[in-house]
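See structure below.
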Amino acid sequence: MKRTFLFLLAIAFLSVNSFAQSVIYEDDFEAYNVGEYLAVQAPEWTTWSNAPGTDEDAFISDDYALSPTKSVKIEGAVTDLVLPFGDKQNGVFEVAFSLYIETGFGGYYNLQHYEAVGTEWAIEVFFGSAGAGELKTDNITTPFSFSNGAWIDIIHEIDLDSDEAKIYFDGTLVHTWVWSTQSGGGAGANQLGALNIYASALSGDDPTFYLDDISYTQIFAPIYEDDFEDYTVGDYIAVVEPEFYTTWSNAPGSAEDALIVDEQAYSGDNSVEVEGGTDLIFKLGDKSAGVFDVNWMMYVPTGFAGYYNFQHMEAPGNEWAVEVYFNTDGSGECIADGITIPFAFTHDTWMSVEHMINLDDDLAEMYVDGSLIHAWVWSTQASGGAGTNQLGGVDFFAGAHTGETPAYYFDDVFFLQTGGATDPAIELVPMMFDDTIAQGTTADKDLMVSNIGGADLEYEISVVYEVSGKKSEVVVPMTNSMIFAHTNAEFEVVSLPNPGGYPPPTDDVTLNYDGPNNSSVGLTGPNAWEAAAKFPAAMVNQYAGMELYQVRVFVNDPDPADDMAVKVYGMNQDYLPGALLAEKAFAPLMLDWNTITLDTPIPVTGEDLWVACYTNQTTSTTHAIGTDAGPAVYNGDWISTGPGWGHLAPGIDQNWNIQGVLQGDPIEGWLSVDPDGGTVVAGDFDDLTVTYDASDLILGTYNAKFVFITNAPENQYLELPVTLTVVDGTGIGEGEGSRIEMLVYPNPARNVVNVQSNINIDRLSIYNHIGQVVSEVLVGNTTANVNIDGIESGVYFIRIETADGYTTQKLVIE
């Protein structure tokens, strides 16, 4: 059976410890047609060159299978399958599959740190034809043995939180290593990118092998579990476990706290008693994304009642999500969204009380002794009406209906994430800017960067201008400079007896990191490759409006059969260039600096520029591209054998002799943002200030964009467009073409907020910090009076839309 990228829950309870497994992908390949390509039939797969249906793809076969009749066959010299994993940066994952290495043949696979394959290998695994194999991690080779002609069960445990990985063959631990290291040695990225199954083998062997029963699973350890056996009877739980417990009035050790007792227990001797003035808060962390189980065992003595509630906020008293009563007559009530659901329970008996809370789908379920009591929309309030989709805490309160006496015990508390978001996720409010200001003035606007995911969000922002009349076009690569080779290539450096020194001096602006030529670098075997220096936005933004018109590179000794070309790429990830903007082949002058003038200059917009030199090295003895004496700087030594990019360092601690030369004059910078980067914890946001400066601008319309580079797997590269219209300030007033002004008062506000504009307001919207609309009204006037009673306190954005555009301002609700 095939299950593709659905978060299917498999919860395994292992004695006192419990772990959840969220199956992201699993496949036994039975749903596909024999003799047809895997990546064509299964879109979760691709190939090294992203070319499903080509020779890099693999066929479905019924030669061998572990279960029941089909598998994937890898053979020849070009099969090169890739299964992307999503560039995971947090959490614990298991990658498991089975391989069958044909008798007399070998096999190979690797795991990579990036989905952009060819960037960093994490582990390489080689199988030989005689039952011997090798693992390569952190430049250490670990031998192992296996049986050809038999299925091998392989499991990789990858703990990104601890930066540790383990590999098992047939249930036996073979090796443990620091996950973030590269297979060839040296530090790499603590990230899970992809599986690459390639038609290769131990040296001297030919590959033929089969793949079956693959699974990719996230493993969740409990956030909190406790049977209370480690405490002393008479301890207050909020005193001895302050990380997860407090009281309604934040007074641990008071009458609101709950005592550890041994009168009743489900496991061991101890439990927690709720009676009298108990008002204990179990803190769940204000979770805003993910799927969670919150469970415990509960005991209500005959003649007594019990009660608890869940709240949307950890700070108690804001929003009740659900209230649950256990009455003295054995009846129970679950109150959610204004609806009371009855149920029955048994006194003097331990019962399991379970809650599944899915924040991603805004759903919740409650179970007693395994029976579903109620399912409801989680974000609603217990008394009815919309609330907040957030998991705050549990209130173990000594409450009961009038005339009843509360007293109960709870034990074996268990809080676990079972699925959903563990990655960061970015959301922007607003998602574009389109504003008008007067010539010679400045203006500030608010920008909110929210993290709606489950881990810390890191982001950097660059300002990229649209340079009028100089918009660059994406270039189709020349066929002789496209890299298709698959290899974790090795390079070597040679010192030159007569180094090339510096290039000829120029008055033009030169982008470079290198010192004088000292050495040159080449592959240890034939292959196409590229060397590049990356000039990031922080360096080139000051030159926006100029043009990159020349590339200078020192060339040593390419073979006459080797092609060479210079290339310029745009912006993408920190570790990966963007679109190809320019390319030009050249006939090199050997042992000399070469200056190549581009046919069409590249406008400098403020984005990253990758300046590269390509060669299709045809021998193992040439060292075509020059380097300085070092030491290498981070962006001065990029190298690629396709399709990913890496660094020469630490093996070769030098910078490429590659430079970009600019001509022309820069434009006046008119856009900035403060801060231009940061870290946002899950469920929180950063409040940024966008500044327009029209001090030196002429009348007209200007376009730019903010480019966000983030660690959010779904939005590693994100653009926010900006349009600024500069008008004659003496003519601003009411009516068409006016700058949109907005006055918001009072601010902070409590029950009502007033909004006034110089232009008729069509629509008014209030957004929360994760971009959700919490209130929206149609206005049709220049003033609006908006009732905000019922909107919880916090920071919001109020936006008005007019015939001339829109504007946004921050609103604080107390």
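Quick notes on this one:
- Where Rh is the Kirkwood radius over Cα pairs, Rg/Rh for region 225-419: 0.93
- In plain terms, the residue of H347, H401, H355 with the fewest other Cβ atoms within 10 Å comes first and the most crowded comes last, giving H401, H347, H355.
- Table column - 3J(HN,Hα) (Hz), region 100-116, Karplus curve with 6.51, -1.76, 1.60, x for Gly and Pro: 10, 8, 4, 4, x, 10, x, x, 6, 7, 8, 10, 10, 6, 10, 4, 6
- Region 733-814 - Debye-derived log10 I(q)/I(0), Cα point model, q = 0.17 Å⁻¹: -0.60
- Entries of K166/K567; K534/K584; K136/K287; K88/K810; K88/K584; K73/K166 with Cα pairs more than 29 Å apart: K166/K567; K136/K287; K88/K810; K88/K584
- Sorted by Cβ density within 10 Å, fewest first, the residues V779, V604: V779, V604
- For region 479-663, Kirkwood radius (reciprocal of mean inverse C-alpha pair distance, Å): 16.1 Å
- Residues L195, L38, L718, sorted so that the one with the fewest Cβ neighbours within 10 Å comes first: L718, L195, L38
- Ellipsoid semi-axes in whole angstrom, largest first, where each is sqrt(5λ) of the Cα gyration tensor of region 352-454: 44, 18, 13
- Converting phi to 3J(HN,Hα) with the Karplus coefficients 6.51, -1.76 and 1.60 and the offset θ = phi - 60°, region 187-195 yields 5, x, 9, 7, 8, 10, x, 6, 9 Hz in sequence order, with x at every glycine or proline.
- Its DSSP H runs of at least 4 residues, each contributing -39,500 (n - 2.57), put the calculated 222 nm mean residue ellipticity of the chain at 0 deg cm²/dmol, to the nearest 500.
- Sequence-distant residues sharing a close amide H with L363 (under 5 Å, placed H): N358, W378
- Distance between the C-alpha centres of region 503-531 and region 541-614: 11 Å, rounded to the whole angstrom.
- Amide H within-cut-off set for G131, under 5 Å, with H built and near neighbours excluded: N148
- Taken over the Cα atoms of the chain, the convex hull encloses 191 Å³ per residue.
- Phi angles across region 332-339 convert, under the Karplus curve 6.51 cos²θ - 1.76 cosθ + 1.60 with θ = phi - 60°, into 3J(HN,Hα) values of x, 9, 10, 10, 9, 6, x, 10 Hz, Gly and Pro given as x.
- Taking the DSSP beta bridges with both ends in region 116-273, the antiparallel portion is around 100 percent.
Every read-out reported here was derived from the displayed coordinates using simple, explicitly stated rules and does not represent laboratory data. None of these values were measured; they are calculated from a predicted model. Positions of Cβ are backbone-derived with ideal geometry, glycine not excepted, and every protein chain shown enters the neighbour counts.
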